[in-house]
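Notes follow the structure.
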Amino acid sequence: MPTLADKKPNRPAQRAQGRPAAELIFGDLWEYDPAPETADPKIKSRYDLFIGGKFVPPASGKYFDTINPANETKLAEMALAGADDVAAAYRAAQKAQDGAWGKMPGKERAKYLYRIARLLQDRAREFAVAETMDNGKPIKETRDFDVPMAAAHFFYHAGWADKLAYIAPGRRVAPLGIVGQVIPWNFPLLMMAWKLAPALAMGNCAVIKPATNTPLSALKLAEIIQDAGLPPGVVNILSGPGSTGGLIMAHPQAAKIAFTGSTEVGKVIMRSVAGTGKRMTMELGGKAANIVFDDAPLDQAVEGIVNGIFFNQGQVCCAGSRLLVHEPVADAVVAKLRHRLKVLRVGDPLDKNTDVGAIVSRDQLETVRGYIDAGVQEGAKLWQPPCRLPAKGFFLPPTLFTGVTQSHRIAREEIFGPVLAIITFRTVEEAIEKANNTEYGLSAGVWTDKGSRILKMSTELKAGVVWANTFNKFDPASPFGGYKESGFGREGGRQGLLDYCKLV
Ligand code: NAD
């Protein structure tokens, strides 16, 4: 699946003007021909809650706006779910669990998951455009990554539904019951698929809340779930603020809660459910080290570094936000990075050539700007390529910091934006020590020519995922999850299924 790392700088407009290549790369600002995506995202003016297989208005009658972060215009009104709606969703889920769904053989459940996957493929372009408009990420990412990967998760888990005997040989596998799920805004549709597909494959029912900023694709997925004929109440989708998430997590009928979001909110939730006996999985924050050794193929590594931190504007839990670079090649890598960043295209997320889209919200933009200020104040050296940002919307240029030390906030805290902190190292041991010197442990990347070094690093790095000579590669068959303050439990693969069942 192509990601930013696979793309080469896009220069057709400049070639057409007959300008020499060197000037194209090192010139100040480029002029581009826009290539806007025009598929109809089919966005309704108002979305209700999805409870018991039907779209129903919220008990309070309250709605909130979801906006396009690229131009700050309203996209739709979304229902705001409160305590009565959460209770209704759990009642509907219990009815489904006690009824047809709870008794259905795996091979029958699989058919619904296959159907959801296929319907999503049928409407892929529409979903890609809607997701880009609600979230601000470039259309080439939603089109080539988010939507196909969401469908892939439903296909993969459909394949497991009638083979559950093989996930724990010799044991009987039973569903947990109703799972309460809350997801973040950085991969709205994909996180829905990560949560729902394994839960349903194992025979559970779900009450799920999308993030407040990006609820659109979740309610569009509800249309697909309805069209797929999934029995009423198996999936219930409630839009709303954090307090709605709190009600879903705290509900006594939830046999398990699954949360993806910040470490801070994860801790609040863990405290609130402590002692209730609920099963829990937590997918939380990260501060990954992307480690480049002097024997690495540097041009390939630079593409991997760019993909690692600027994919989805750096709003990725496993983003390679710390570049650890071997001293002998540090200057060369920084120079190559600067050249590469000068040709990244920042702007309209619906433009097919855009590399870096909008930050999800004004709040997030201010948070990231705050970190950039902190980096400068603490003495790191800021570099941003010349680039013209759109007048409206929440945009930031790709940002590099050199001269970063381990104590700087930009090296320690999760920024969740297009900001790379560059730190140097001299020895393998120093690289490992610096990479592990974080409260997080979600992912890491290693770039080297030596297989033995890859094995050593992947053994000693305290990270749930270690990529070697690549970054940000995902597959539904591959378990994903963290250590330390990045959470616990796994999503994807056989390990992810084990977190959604009882072994008896
Ligand atoms: P967030 O923690 O602010 O919000 C996540 C979700 O929790 C949202 O739906 C929000 O409405 C809800 N929420 C807020 N307060 C709540 C409460 N008290 N009880 C229950 N739910 C509540 O995170 P975010 O800003 O949406 O997402 C960014 C964070 O998510 C980053 O820290 C990122 O690293 C993390 N993340 C982790 C993974 C992973 O797999 N480890 C994946 C994606 C994102």
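The values are calculated or read from the model by the stated rules, or taken from the named source; none is laboratory data. Computed from a prediction, not measured in an experiment: that's the story for all the values here. Because the Cβ atoms are built from the backbone with ideal geometry, glycine has one as well, and the counts that use them run over all protein chains shown.
Annotations for the structure displayed:
- Taken as a whole, the condition of being within 17 Å of Thr281 (Cβ to Cβ), buried (at least 17 other Cβ atoms within 10 Å of the Cβ) and out of contact with any Lys or Arg (no Cβ under 9 Å at 6 or more places or on another chain) applies to Phe488.
- Some residue of the stretch 201-208 being in a loop (DSSP other than H, G, I, E, B), touching a residue at least 24 places away in the same chain (Cβ under 8 Å), at positive phi and over 20 Å from the mean Cα position of the chain (by Cα): yes
- Residue pairs whose Cβ atoms lie under 7 Å apart, separated by 6 or more positions or on different chains, with the first residue in the stretch 279-297 and hydroxyl-bearing (Ser, Thr, Tyr) and the second within 16 Å of the ligand (Cβ to nearest atom), are Thr281/Ala258; Thr281/Phe488; Thr281/Gly489; Thr281/Asp499.
- Residue count, the stretch 391-402 (criterion: at pLDDT 95 or above and loosely packed, with under 15 Cβ neighbours inside 10 Å): 1
Here's the yes/no breakdown for (1) more than 28 Å from Glu439 (Cα to Cα); (2) more than 24 Å from the chain's Cα centre (by Cα); (3) in contact (Cβ under 8 Å) with a residue 40 or more places away in the chain:
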site	(1), (2), (3)
Gly320	no, no, yes
Arg338	yes, yes, yes
Asp351	yes, no, yes
Pro386	yes, yes, yes
Ala391	yes, yes, no
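- Test: Glu366 is part of a helix (DSSP H, G or I) and either free of Cβ contacts under 8 Å to residues at least 40 places away in the same chain or not hydrophobic (A, V, I, L, M, F, W, C) (or both): yes
- Annotation: of all residues in the stretch 121-155 being within 16 Å of the chain's Cα centre (by Cα) and of a type in the set (Val, Ile, Thr), the one that is surrounded by the most Cβ atoms within 10 Å (Cβ to Cβ) is Thr142.
Each row is one residue, and each column tells you yes or no for (1) more than 14 Å from Lys256 (Cα to Cα); (2) crowded, with 24+ Cβ neighbours inside 10 Å; (3) not small (Gly, Ala, Ser).
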site	(1), (2), (3)
His157	yes, yes, yes
Ala165	yes, no, no
Leu176	no, no, yes
Val179	no, yes, yes
Ala201	yes, yes, no
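- Residue ranges of strands (runs of 3 or more DSSP E) in the stretch 399-469 with at least 1 members touching a residue at least 24 places away in the same chain (Cβ under 8 Å), β-branched (Val, Ile, Thr) and away from the ligand (no atom under 16 Å from the Cβ): 399-402, 419-425, 443-447
- Residue match in the stretch 170-180 (condition: more than 14 Å from the ligand (Cβ to nearest atom) and assigned to a helix (DSSP H, G or I)): no
- Residues in the stretch 287-314 that are under 12 Å from the mean Cα position of the chain (by Cα) and closer than 15 Å to Ala421 by Cα were compared, and the one that is nearest to the ligand (Cβ to nearest atom) is Gly314.
- Unmet criterion (only one of (1) surrounded by fewer than 16 Cβ atoms within 10 Å (Cβ to Cβ); (2) touching a Cys at 6+ places or on another chain (Cβ under 7 Å)) for Ser407: (2)
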